[in-house]
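What follows is a single structure, written as structure tokens, with notes after it.
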There are 2 protein chains.
Amino acid sequence: MAQKPSIPKGTRDFGPEETAKRNYIFETIRDVFQLYGFSQIETPAMENLSTLMGKYGEEGDKLLFKILNSGNWMKDLTPADVESGEYAKLTSKVSEKGLRYDLTVPFARYVVQHRQDLTMPFKRYQIQPVWRADRPQKGRYREFYQCDADIVGSDSLINEVELLQMIDEVFDRLGIRIVIKLNNRKILTGIAEIIGEPDKLTDITTAIDKIEKIGEDKVVEELLSRGLKEKSIDLLKPFLNMSGTTAGKLDFLKVQLADSPTGLLGVAEMEEVINETESIGINAILELDTSLARGLNYYTGTIIEVKARDVEIGSISGGGRYDNLTGIFGMPGLSGVGISFGADRIYDVLNSLELFPSTATPSTEVMFVNFGSEESKVAMKMLKEMRKAGIMAEIYPDQAKMKKQMSYANDRNISHVAIVGEDEIKANKLTVKRMADGVQHTVELKEAIRLIIDYRQQELSE
Amino acid sequence: MAQKPSIPKGTRDFGPEETAKRNYIFETIRDVFQLYGFSQIETPAMENLSTLMGKYGEEGDKLLFKILNSGNWMKDLTPADVESGEYAKLTSKVSEKGLRYDLTVPFARYVVQHRQDLTMPFKRYQIQPVWRADRPQKGRYREFYQCDADIVGSDSLINEVELLQMIDEVFDRLGIRIVIKLNNRKILTGIAEIIGEPDKLTDITTAIDKIEKIGEDKVVEELLSRGLKEKSIDLLKPFLNMSGTTAGKLDFLKVQLADSPTGLLGVAEMEEVINETESIGINAILELDTSLARGLNYYTGTIIEVKARDVEIGSISGGGRYDNLTGIFGMPGLSGVGISFGADRIYDVLNSLELFPSTATPSTEVMFVNFGSEESKVAMKMLKEMRKAGIMAEIYPDQAKMKKQMSYANDRNISHVAIVGEDEIKANKLTVKRMADGVQHTVELKEAIRLIIDYRQQELSE
């Protein structure tokens, strides 16, 4: 007998319930994206390695899944190559395609490739899986979905305001209470300038990014080891311990960054985004957080990160503005801003807070019991009418024992069972049994349809 | 400047309109699958090569996309290996995973792996891309979607009847007129027995599968070259030229196959499936076609193939019964039956017959013109109310020239433009312009919402 089959580590099968719950998340996000005027695109799972390599840093290149060339993949490989052992350098001899690592680089490639056909500003969304050869661990998978919305070709801050509203709307619809943390790369640049370390921007942000995890003392230690002067660190400290209202923080930054035009521009952008968003109205808490960095090298303006308020978990959404996404493909000067939702973490939050509505997992509304070929012929005609009325319906295909058929209905969470036996056929009726409480009615088909639809309406309104 | 980026040959980008049209197909299929009580599952893009290899024949093994092992992929390769040039044999040294080639083998793997958790009969559907390293050509891609519905764990013919109804319902909803061709492997077995060539079943069906393409004379030639006796071929001829009504064909087969119990069983199954389906009522034409083979080695009972009546194109759906799908993974004796829809061909049919409804490509319903920061502040509050009412709405993010903004609305097929200028702000109103005919009204927000929703209802009812 063959060995029990399995799937590659870090990948997952999704059964009916998980798939339905995941669809509920994707559809909620999709509805909001569309409501805000974003159009969906899809790009292939495979991209040329020349598109992907060098876009995610050296570590990222290693984490790309590469596709072995078809046919004689060995034809460019020499015995000396194998002798050398330089596998990284030799990869290009056996592979020219890879699986997409995120949706951002394929999107940039798409924009440049199709630029003649696109109306700018271009508002696109994309909900597709990505693959990373990361070490699998709890909550980290080798195949997972990203849900991205981006606008390219506009540097108006209205886009930031709209994206914040979209985040708010998605989590409001899902019932998840959130904090949206905001920062601006220009503020970070201003701080680095003001404390006299304009060249140490990356070191500073990498260190302060860890303040929540390791505390101020350790951060100071790290900054010293990265070559910052003690005096600079003293000047930095007030920025690390900002508290109070957003207005207070903004005032503080305006004073502190008075001598940095870049810093002041960042503060002004932040102020406008926050004021506009709050004046339109938002459920989420907006929090100015100068310790937020998130892949700094990529973002050039607003930086966004979303945390769930009621569950201890990493960020569940994030994004920001970038000014040179398409530059790597030879189309410079196109500003963009985008957000990304992490479906897996959102799934975990909804599960742990028990926020999935029962309607997220639709199941058959009525199962006809199978009493044999004569009865099932009558049942199947009724079944057709049920379906015509939009009722999700099925018949147990085999003439099995009643107990087996009922346990199938139970296991599948089917809300009603329909019985068409000899008596029902004579009376031109059917018996509908509600599984939740066992209540049953012998009625005409039209009435049975009404009963089942009424039940659905009640469930929906609960 | 970098070279213009591209995507691997045989793969495709889908822009906003194509994606929307494709979603319309997927959603139609999905709605019908759910209406009939099927539950969705998803399996990973990557499977272990041990799961995939040997399941699609020697040719299929070559067409699998294989993933290069992560890290030092060369470590098991010796210089002598490279010297040998036996790349096919050596693939397993550098790759242990591949991209799924279809949805059937992953489904079989899923059923065996999760058998403890499944309620039988298990009705699942799956809509996911598959990958094949085929030579790309018109209408043949290296990445394409399959939409499969299968029932395993039941050998009742009710399943066949339900699947035929599902096919009928899907194409009825899409507006495509179809013929469903039916055959049964047992009839083919019976024919092979009756003509005295029980061992030549595969040769016979491979040859007669080509009758439409190459004609009877060439088929006879091929059968001779495959070692069939002339006498057998004479006996076979009447089966190739069957015509007339289904009832007539069934009567003919009953007489001709009277000495083959297997053949008669096939005829009885066919008769029951056709009679049951027609008695319930179906729009499609059902056609008994003994020349239909479709990967015979796989199917054990009913064989189904769907052709569009109004477009010359290959089959747009197909399927059948198999009795040993999970046997290859060590779980014998599980009967199954399924159908698969080819989204790409259905797309081509809908496009060439212009059957996509305008609602298949939803687009923004109203765009607010941007007159500058003061006006846009007011507009964005109205925008929020529009969206609350479910209207897909956006604001042009930049204060660009009117002409540019209007041409954006035009290009994106936006049905209304909203103007909130100085006068409107004073009057607490907005001007809504219908793009189709230029008619505009200056009204209060509530009225504007009504206008736009009325317009949508009209479009929907057309």
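The values are calculated or read from the model by the stated rules, or taken from the named source; none is laboratory data. Keep in mind that what you see is a predicted model, and the values were worked out from it rather than measured. All Cβ positions, glycine included, derive from the backbone under ideal geometry; neighbour counts span all protein chains shown. Ligands, DNA and RNA are excluded from the accessible area calculation, which covers all protein heavy atoms including side chains. Shrake-Rupley method; radii C 1.70, N 1.55, O 1.52, S 1.80 Å.
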Self-check item: Selection count where residues are among the polar types (S, T, N, Q) and open to solvent by less than 10 Å² (accessible area, probe 1.4 Å), scope the stretch B:222-242
Solution: 1
Quiz prompt | Test result for residue A:219, modelled with pLDDT under 95, open to solvent by less than 10 Å² (accessible area, probe 1.4 Å) and hydrophobic (A, V, I, L, M, F, W, C) | solution = yes
Practice problem: Report whether or not residue A:9 is on the phi < 0 side of the Ramachandran plot, out of contact with any strand residue (DSSP E or B) (no Cβ under 8 Å at 6 or more places or on another chain) and more than 8 Å from chain B (Cβ to nearest Cβ). | Solution: yes
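Conditions tested, residue by residue: (1) buried (at least 17 other Cβ atoms within 10 Å of the Cβ); (2) of a type in the set (D, E, K, R); (3) farther than 29 Å from residue B:360 by Cα.
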| position | (1), (2), (3) |
| --- | --- |
| B:402 | no, no, yes |
| B:411 | no, yes, no |
| B:414 | yes, no, no |
| B:419 | yes, no, no |
| B:422 | no, yes, yes |
| B:430 | yes, no, yes |
| B:436 | no, no, no |
| B:448 | yes, no, no |
| B:461 | no, no, no |
Quiz item: Of the residues that sit in the stretch A:103-121 and are assigned to a loop (DSSP other than H, G, I, E, B) and within 9 Å of chain B (Cβ to nearest Cβ), which one is least open to solvent (accessible area, probe 1.4 Å)?
Solution: A:121
Practice problem: Please work out which residue is farthest from the other protein chains (Cβ to nearest Cβ), limiting yourself to the stretch A:362-393 and to residues that are open to solvent by 10 Å² or more (accessible area, probe 1.4 Å) and among the hydrophobic types (A, V, I, L, M, F, W, C). | Solution: A:371
Quiz item: Within the stretch B:137-160, can you find the residues that are open to solvent by less than 50 Å² (accessible area, probe 1.4 Å), outside any strand (DSSP E or B) and under 27 Å from residue A:369 (Cβ atoms)?
Solution: B:153, B:154, B:156, B:157, B:158, B:159, B:160
Quiz item: Which one of these is at pLDDT 95 or above, crowded, with 22+ Cβ neighbours inside 10 Å and not basic (Lys, Arg): A:322, A:347, A:396?
Solution: A:396
Self-check item: Residues being among the small types (Gly, Ala, Ser), at pLDDT below 95, closer than 16 Å to residue B:322 by Cα and buried (at least 17 other Cβ atoms within 10 Å of the Cβ) - total across the stretch B:260-300
Solution: 1
Quiz item: Looking at the stretch B:65-79, is at least one residue among the acidic types (Asp, Glu) and in contact with a helix residue (DSSP H, G or I) (Cβ under 6 Å, 6 or more places away or on another chain)?
Solution: yes
Practice problem: Exactly one condition in (1) more than 10 Å from chain B (Cβ to nearest Cβ); (2) in a loop (DSSP other than H, G, I, E, B) is not met by residue A:192; state its number. | Solution: (2)
Practice problem: Please list, ordered by first then second residue, the pairs with beta carbon atoms under 6 Å, 6 or more apart or interchain, first in the stretch A:23-35 and within 16 Å of residue A:342 (Cβ to Cβ), second hydroxyl-bearing (Ser, Thr, Tyr). | Solution: A:33/A:125
Practice problem: Look at the stretch A:38-54 and say how many of its residues are among the charged types (D, E, K, R) and more than 7 Å from every other protein chain (Cβ to nearest Cβ). | Solution: 0
Quiz prompt | Enumerated strands (runs of 3 or more DSSP E) restricted to the stretch B:331-406, each holding at least 2 residues that are touching a helix residue (DSSP H, G or I) at 6+ places or on another chain (Cβ under 7 Å) and under 30 Å from residue B:172 (Cα atoms) | solution = B:336-342
Quiz item: Name the residues in the stretch A:415-462 that are assigned to a loop (DSSP other than H, G, I, E, B) and either within 46 Å of the chain's Cα centre (by Cα) or among the aliphatic types (A, V, I, L, M) (or both), would you?
Solution: A:415, A:420, A:435, A:436, A:437, A:438, A:439, A:462
Quiz item: Which pairs have Cβ atoms under 7 Å, sit 6 or more apart or on different chains, and link a residue in the stretch B:76-97 that is among the hydrophobic types (A, V, I, L, M, F, W, C) to one that is open to solvent by 60 Å² or more (accessible area, probe 1.4 Å)?
Solution: B:77/B:93
Quiz item: For residues in the stretch A:109-140 being modelled with pLDDT of 95 or more and hydroxyl-bearing (Ser, Thr, Tyr), which is nearest to residue B:412 (Cα to Cα)?
Solution: A:125
Quiz prompt | Within the stretch B:308-326, tally of residues that are in a strand (DSSP E or B) and more than 12 Å from residue B:182 (Cβ to Cβ) | solution = 3
Self-check item: In the stretch B:66-76, residue nearest to residue B:326 (Cα to Cα) [restricted to those that are touching an Asp or Glu at 6+ places or on another chain (Cβ under 9 Å) and either within 7 Å of chain A (Cβ to nearest Cβ) or among the hydrophobic types (A, V, I, L, M, F, W, C) (or both)]
Solution: B:66
Quiz item: Taking the stated definitions as given, is residue B:435 touching a residue at least 12 places away in the same chain (Cβ under 8 Å), within 11 Å of chain A (Cβ to nearest Cβ), touching a helix residue (DSSP H, G or I) at 6+ places or on another chain (Cβ under 9 Å) and not small (Gly, Ala, Ser)?
Solution: no
Quiz item: If you take just the helices (runs of 4 or more DSSP H) that sit entirely in the stretch B:203-307, which of them hold at least 3 residues that are free of Cβ contacts under 8 Å to residues at least 60 places away in the same chain, more than 14 Å from chain A (Cβ to nearest Cβ) and more than 30 Å from residue B:104 (Cα to Cα)?
Solution: B:211-225, B:230-240, B:246-256
